[in-house]
Amino acid sequence: MFREGVKYGAGIGPGVYDIHSPRIPPTEEIADRINKMLAVLEKNILWVNPDCGLKTRKYTEVKPALTNMVAAAKLIRNELAK
């Protein structure tokens with residue numbers, strides 16, 4: 001649970017999509033999740049990554065999902081740079 005005023009100095013990488021599902025999340029959905037995380041985490045400690053390892057998924061599922069994840073991270077970084 002998030003506690004007001006508590007600082008966390010190390011990086012944290014909550015998963016931005018469920019790798020146990022074959023569903024490929026769109027870029028906008030992942031970007032929305034990142035923005036929700038940024039509402040409670042400082043941008044300098046947030047790492048964007050899937051929620052777990054990828055060995056349970058096929059390459060045809062992993063590649064587009066990771067492509068969307070990277071695109072979402074770039075989109076948010078560009079927004080934060082403005």
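Pairs of lysine residues in the chain that meet both criteria, 8 or more places apart or on different chains and Cα atoms under 23 Å apart, total 9.
Taking all Cα pairs closer than 8 Å and separated by 6 or more residues, the relative contact order of segment 27-81 comes to 63 percent.
Counting only DSSP H runs of at least 4 residues, each contributing -39500 (n - 2.57), and dividing by the residue count of the chain, the helix-based mean residue ellipticity at 222 nm comes to -14500 deg cm²/dmol.
For the chain, the direction-averaged projected area of the alpha-carbon convex hull comes to 5.9 nm². Projecting the Cα atoms of A39, A73, L54 onto the charge dipole of segment 37-82 (Cβ charges, centred on the Cα centre) puts L54 farthest toward the positive pole. Across segment 67-73, coupling constants 3J(HN,Hα) worked out from phi with the 6.51/-1.76/1.60 Karplus curve, θ = phi - 60°, read 4, 5, 5, 5, 4, 5, 4 Hz, and Gly and Pro carry x. For N49, the residues whose amide H sits under 5 Å from its own are V16, ignoring neighbours fewer than 5 places away on the same chain, with H placed 1.01 Å from N. Put a plus charge on the Cβ of each Lys and Arg, a minus charge on the Cβ of each Asp and Glu, and nothing anywhere else: the dipole of the chain about its Cα centre is then about 220 debye. For the chain, the longest principal axis of the Cα atoms and the long axis of helix 27-38 meet at an angle of about 30 degrees.
Each value in this text was obtained by applying a stated rule to the coordinates, not by laboratory testing. Note that this is a predicted model, so its numbers are computed, not measured. Please note: Cβ atoms are built from the backbone with ideal geometry, for glycine as well, and neighbour counts cover all protein chains shown.
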